Amino acid sequence: MRRYSNVTAGPLGERMIKFVETYYPLVSQIYVTSGTDGNHGTGSHHYGQTYNGSPTAAIDFGGYDDPEPNDKDQRDMGLFADWLFEKFWDLTVELIHTQPHNDHYTYVKNQKKVGAYAAADHVNHIHWATSAALMDQIEARAKSWTAAPGLGDTGGGVLFGWDASDFDWSRGARPSTVVNAANEGIRFFTHKITEATHTVHRHAGEMARAAVSAGIPFVGFYVVPRTPGAAIDAQVNFAISQADAQFPEWRTFGGFFWQVDTERWPYDTVSPTYGAQMCDLLMSKTGKQAVHYAPKWAYGNSIPGQHPLWASSYGSNPATGFKNAYAQGGGNNHAGWAAYSGRVPAILQYGSKTVIGGQPTCDANAFRGTVSAFANLIGATTTQGDNDMTPEQASQLNTLFQALIPDPPVRTQGAWTYTRPDGRTVPINPLYNAIDSVVEKVEKIPTSTVTLSDEQLVKLADLLAAKMPKALTKEEVRTLVREELNKTKLAS
Ligand SMILES: [Zn+2]
């Protein structure tokens, strides 16, 4: 992982850094700011103390010093503090991090969860201290995980994705296939758009549009860098101009991201340095996250940069449904999740012969985490509000919500319109689809066991509103939800 150049650390500190590098899935979003270096006052674990007879060390991790907005960085640091807190609080000597954007504490002192301390000094970094003896247990626990170390997931959560190209089109894939894929649970979709400054995949736009319209929350284009020849900068400009021509909505679609596809082709052994350079340029020119597809079998530990990695490891590469293929490969414990080039891969392409949406011979991919974790990976904005409900209410509503809409889509509006029952034409709002889907599913519930209080109804409306573009006001959304729900058994 990245670290400030002045950072020094002893053997235990290095072990802690290595541990984070190996097991924390979003390690590319944070970096090491301090170990034994710097002024931490007297008696700090940074300089090594003794805890229950075992030597200690402390490491500081930050998140601010990158081109992303600071509120994103704050969430990145919060997720890391949450991860340490949830999984290792009982094996931690000190965990100090303040999360102004969250309503929960992540403070630990001597293996106990405690209230806030040293809060003001720890907004911009995470201070983590432990002992060598506790570190043995931390490492043993991580090794024993049967499910992958997801982002607060305890159920081994996974999102599936499909990366397609015009070659899939020639094998029969169409926008309707993408709709089928979404219905089967595909949650991210990329399509090849360009290679170098000459190759264009003509169906990228319509396939991406189909994906967004089918409710797939994360949609992107992939670009194949080639050894210059044309400078990487020119290759990037070419990709962007094609994206604008085929699918201008990419600029405003909140779930958009880039995939850079670096490979060793029979006709061009592309250096991963060009791939990393392309990631940087795509990000600086467009403000959208790039994920670097660069397989371990091609490049080992030589991939530069800190972009999230997209690995590829097929194992027996079974020709079967994409979920089945993932399970056969070991699921979240698939060997392809092992770290290389200093990073745990964020995404794994685990098969090239899978069946997706009825289409055979598809590249299937997995992300170990939730929709909101993926959103965080690519910097998509989702709202996770509702701090004024009691935890019990929040959990009940969440259960209901998840049962009805398993993965609430993160969408922004495209160029479509919708004619409302009252005849008014409004920009299409996925809210209608979401509510329709709720109503449809509720109507199938055999007995009327679900009731919502007025307050919960408002919360549901707000929750839905938070997922939606800004076209409607909160009041409008509440009215719509009431109107729709009043037609069903949910009326209260
Ligand atoms: Zn510290």
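Is it fair to say GLY215 is under 27 Å from PHE322 (Cβ atoms), in contact with a helix residue (DSSP H, G or I) (Cβ under 8 Å, 6 or more places away or on another chain) and in the same structural domain as ALA366 (by TED's automatic domain parsing)?
On the way: under 27 Å from PHE322 (Cβ atoms): yes; in contact with a helix residue (DSSP H, G or I) (Cβ under 8 Å, 6 or more places away or on another chain): yes; in the same structural domain as ALA366 (by TED's automatic domain parsing): yes.
The answer is yes for GLY215.
Would you be able to tell me the number of residues in region 22-43 that are within 15 Å of ILE138 (Cβ to Cβ) and either among the basic types (Lys, Arg) or surrounded by fewer than 17 Cβ atoms within 10 Å (Cβ to Cβ) (or both)?
Count: 0.
I'm trying to understand the selection: among the residues of region 87-103, which are within 27 Å of the chain's Cα centre (by Cα) and outside any helix (DSSP H, G or I)?
Scanning region 87-103 gives THR92, LEU95, ILE96, HIS97, THR98, GLN99, PRO100, HIS101, ASN102, ASP103.
List the residue pairs whose Cβ atoms are under 6 Å apart, where the first residue sits in region 94-106 and is on the phi > 0 side of the Ramachandran plot and acidic (Asp, Glu), the second is part of a loop (DSSP other than H, G, I, E, B) and more than 16 Å from the ligand (Cβ to nearest atom), and the two are 6 or more positions apart or on different chains.
Pairs that qualify, where the first residue is on the phi > 0 side of the Ramachandran plot and acidic (Asp, Glu) and the partner is part of a loop (DSSP other than H, G, I, E, B) and more than 16 Å from the ligand (Cβ to nearest atom): there are none.
I want to confirm something. Restricting to region 106-129 and keeping residues that are within 13 Å of the ligand (Cβ to nearest atom), over 24 Å from the mean Cα position of the chain (by Cα) and not in a strand (DSSP E or B), which single residue is surrounded by the most Cβ atoms within 10 Å (Cβ to Cβ)?
HIS122
I'd like to know if region 224-234 contains one or more residues that are of a type outside the set (A, V, I, L, M), within 20 Å of ASN183 (Cα to Cα), in the same structural domain as SER302 (by TED's automatic domain parsing) and at pLDDT 95 or above. Working first, answer last.
In the first step, residues of region 224-234 are kept if they are of a type outside the set (A, V, I, L, M); the result is 225-229, 233.
Of the ones still in play, those that are also within 20 Å of ASN183 (Cα to Cα) are none.
Looking for residues that are of a type outside the set (A, V, I, L, M), within 20 Å of ASN183 (Cα to Cα), in the same structural domain as SER302 (by TED's automatic domain parsing) and at pLDDT 95 or above, one finds none in region 224-234, hence no.
Considering only residues that are surrounded by fewer than 17 Cβ atoms within 10 Å (Cβ to Cβ) and not β-branched (Val, Ile, Thr), look in region 255-270 and name the one that is nearest to PRO67 (Cα to Cα). Step through it out loud before you land on a result.
The initial filter retains those residues of region 255-270 that are surrounded by fewer than 17 Cβ atoms within 10 Å (Cβ to Cβ), namely 264-269.
Now narrow it down to the ones that are not β-branched (Val, Ile, Thr): 264-268.
Values: ARG264: 30, TRP265: 32, PRO266: 36, TYR267: 35, ASP268: 32 Å.
Result: ARG264.
State the number of residues belonging to region 230-248 that are buried (at least 24 other Cβ atoms within 10 Å of the Cβ) and farther than 16 Å from TRP258 by Cβ.
Total meeting the criteria: 0.
One residue is enough: does region 282-301 have a residue meeting the conditions over 17 Å from the mean Cα position of the chain (by Cα), charged (D, E, K, R) and surrounded by fewer than 15 Cβ atoms within 10 Å (Cβ to Cβ)?
Looking only at region 282-301, we keep the residues that are over 17 Å from the mean Cα position of the chain (by Cα), and these are 282, 284-286, 294-301.
This time we only want the ones that are charged (D, E, K, R), so: 285, 296.
Checking which are surrounded by fewer than 15 Cβ atoms within 10 Å (Cβ to Cβ) leaves us with 285.
Taking every residue of region 282-301 in turn, at least one turns out to be over 17 Å from the mean Cα position of the chain (by Cα), charged (D, E, K, R) and surrounded by fewer than 15 Cβ atoms within 10 Å (Cβ to Cβ).
Given the conditions (1) touching a residue at least 40 places away in the same chain (Cβ under 8 Å); (2) in a helix (DSSP H, G or I), report the number of the one that ALA234 does not fulfil.
(1)
Looking at (1) under 22 Å from VAL114 (Cα atoms); (2) surrounded by fewer than 21 Cβ atoms within 10 Å (Cβ to Cβ); (3) modelled with pLDDT of 95 or more, which is the only condition HIS46 fails?
(2)
Looking only at residues in region 245-272 that are among the hydroxyl-bearing types (Ser, Thr, Tyr) and under 24 Å from the mean Cα position of the chain (by Cα), which one is farthest from ASP163 (Cα to Cα)? Lay out the reasoning, then the answer.
Narrowing region 245-272 to residues among the hydroxyl-bearing types (Ser, Thr, Tyr): 252, 262, 267, 269, 271.
Filter again for under 24 Å from the mean Cα position of the chain (by Cα), leaving 252, 262.
Working: THR252: 21, THR262: 14 Å.
Ranking the candidates gives THR252 first.
What number of residues within region 40-60 satisfy the criterion of being in contact with a helix residue (DSSP H, G or I) (Cβ under 9 Å, 6 or more places away or on another chain) and more than 14 Å from the ligand (Cβ to nearest atom)?
We begin by selecting, within region 40-60, every residue in contact with a helix residue (DSSP H, G or I) (Cβ under 9 Å, 6 or more places away or on another chain); these are 40, 46, 48, 51-60.
Within this subset, residues satisfying the condition of being more than 14 Å from the ligand (Cβ to nearest atom) are 51-55.
Here the count works out to 5.
Just need a number here: residues in region 204-229 that are buried (at least 22 other Cβ atoms within 10 Å of the Cβ) and touching a strand residue (DSSP E or B) at 6+ places or on another chain (Cβ under 8 Å).
The number of residues fulfilling the criteria is 15.
Of (1) closer than 21 Å to ASP76 by Cα; (2) more than 13 Å from the chain's Cα centre (by Cα), GLY369 satisfies all except one. Which?
(2)
Return only the number of the condition from (1) surrounded by fewer than 23 Cβ atoms within 10 Å (Cβ to Cβ); (2) of a type in the set (Val, Ile, Thr); (3) within 13 Å of the ligand (Cβ to nearest atom) that ILE17 does not satisfy.
(3)
Taking only region 130-141 into account, find how many residues are among the acidic types (Asp, Glu) and either within 16 Å of the ligand (Cβ to nearest atom) or over 29 Å from the mean Cα position of the chain (by Cα) (or both). Show your work before the answer.
To start, the set of residues in region 130-141 that are among the acidic types (Asp, Glu) comprises 136, 139.
Subset that is either within 16 Å of the ligand (Cβ to nearest atom) or over 29 Å from the mean Cα position of the chain (by Cα) (or both): 136.
Residues meeting the conditions: 1.
Part of a helix (DSSP H, G or I) and more than 19 Å from ALA132 (Cα to Cα): is that true of LEU12 in this structure?
Numbers: part of a helix (DSSP H, G or I): yes; more than 19 Å from ALA132 (Cα to Cα): no.
So LEU12 does not fit the description; no.
Select from region 186-203 the residues that are under 24 Å from GLY254 (Cβ atoms) and touching an Asp or Glu at 6+ places or on another chain (Cβ under 8 Å) and write down the one among them that is surrounded by the fewest Cβ atoms within 10 Å (Cβ to Cβ). So that I can check it myself, show each step before the final result.
Initial filter on region 186-203 (under 24 Å from GLY254 (Cβ atoms)): 186-194, 201, 203.
Next cut, touching an Asp or Glu at 6+ places or on another chain (Cβ under 8 Å) only: 187, 189-192, 201, 203.
Details: ARG187: 23, PHE189: 27, THR190: 30, HIS191: 29, LYS192: 23, HIS201: 23, HIS203: 21.
Across region 186-203, the extreme among qualifying residues is HIS203.
Where the second residue is not aliphatic (A, V, I, L, M) and the first is on the phi > 0 side of the Ramachandran plot and lies in region 39-57, which pairs have Cβ atoms under 8 Å and are six or more apart or on separate chains?
As it stands, the answer is GLY43/GLN49; GLY48/GLY10; GLY48/THR36; GLY48/PRO55; GLY48/THR56; ASN52/SER131, since those pairs meet every condition given.
Do we find that GLY63 is more than 16 Å from the ligand (Cβ to nearest atom), closer than 12 Å to ASN124 by Cα and not assigned by TED's automatic domain parsing to the domain that holds GLY336 in this structure? Let's see the steps before the verdict.
Details: more than 16 Å from the ligand (Cβ to nearest atom): no; closer than 12 Å to ASN124 by Cα: yes; not assigned by TED's automatic domain parsing to the domain that holds GLY336: yes.
No, not satisfied.
The values are calculated or read from the model by the stated rules, or taken from the named source; none is laboratory data. On a predicted model such as this, the values are computed, not experimentally measured, just so you know. Using ideal geometry, Cβ is built from the backbone for each residue, glycine included, and neighbour counts are taken over all protein chains shown.
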